[in-house]
Amino acid sequence: MTRYDDNINNNSTKPFHTFRKSRVKRTVDQGKIATILKCNTSDTKVAEIFALAQPDAIWLCMEHGSLDYGQAENQINAAKIYDVDSLLRVNRGGYSNYIRGFELDCTGLIIPQIKNLADAKEIEEFTNTFEQHLLCNHVLAQAVLPGMRERGHGRIINVISTSVKAPLNGLGVSNTIRGAVANWSKTLANEEGKHGIRVNNVLPGATNTGRLKSIIQAKALKGGTATEEIQKNMAGAVPAGRFGEPHEIGGVIAFLCTPAADYISGINVPVDGRRTASL
């Protein structure tokens, strides 16, 4: 939103993009008490009527009503027309990139049951992982599916983790999200099979990559143990007695993309040296 900032050179009249000036802050800075009206409705017209009453802010609530993201955005915009701030209460766990855009125009976000910075960080870690692994997959798939349907042919391979079959200790967020990706993939395979589109998941075990090396180094640093010992113990836990190589993962992916795999869809393929205990 284009605004003039108090810190801008007085000789300049050039507007620039910055955060909206808070009406609540202006009122408090003047030594006055800020007024807030609570708006428990999804109707944008009601929010506009509230703003016409000229409080310092209106309180919008997604937790105890039917307000969705789009309606919240409309109500915030309605309040802005009358230079009225917005306080937005979101559902527990509802903080995500969908909400972050509102921060530009809200005096504040109210997130229930978040008591401290550690709670906020935990929720952000979960939502970031969800967005990176599931939402990004979905957005990418939606971009390529129309062309695949038109051709009557397509291959989608998700590289996930063996945690889909056997959750890994201490990786609750990762286990949860990768399980979600696997189920999303299975649904996609069921829905798109009639268009000649095959969707499968490859589940690598410990593979000799830079990521694995960084994990080994982190474990060694945390436990005060030599990296060679950590590496030896991790490789020894694999029935094959070694880590996988990237080309071995790539070989399975390549096969699933060939005509020889035309009748394979909706499955999880572990490539882990027999380490996964489940079938």
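Details
- The residue list Ala254, Ala260, Ala226 contains one member that is assigned by TED's automatic domain parsing to the domain that holds His153 and over 32 Å from the mean Cα position of the chain (by Cα), which is Ala260.
- Qualifying residues in region 100-130 (those that are exposed (fewer than 12 other Cβ atoms within 10 Å of the Cβ) and outside any helix (DSSP H, G or I)) - the one modelled with the highest pLDDT: Asn116
- Among the residues listed as Ser185, Ser265, the single one being buried (at least 16 other Cβ atoms within 10 Å of the Cβ), in the same structural domain as Glu125 (by TED's automatic domain parsing), within 24 Å of His138 (Cβ to Cβ) and in contact with a Lys or Arg (Cβ under 6 Å, 6 or more places away or on another chain): Ser265
- Which listed residue is outside any loop (DSSP other than H, G, I, E, B), among the β-branched types (Val, Ile, Thr) and under 30 Å from Gly273 (Cβ atoms), from Val199, Val144, Val139: Val199
- Tabulated pairs, region 131-154, first surrounded by 11 or more Cβ atoms within 10 Å (Cβ to Cβ), second of a type in the set (Asp, Glu), C-beta under 8 angstrom, 6+ apart or interchain: Leu145/Glu192; Met148/Glu192; Arg149/Glu192; Gly154/Glu192
- Only one of the listed residues (Gly241, Gly223) is in contact (Cβ under 8 Å) with a residue 12 or more places away in the chain and either of a type in the set (Phe, Trp, Tyr) or surrounded by fewer than 17 Cβ atoms within 10 Å (Cβ to Cβ) (or both). That residue is Gly241.
The values are calculated or read from the model by the stated rules, or taken from the named source; none is laboratory data. Note that the structure is a prediction, hence the values are computed from the model and not measured. Neighbour counts run over all protein chains shown; Cβ positions are idealised from the backbone, glycine included.
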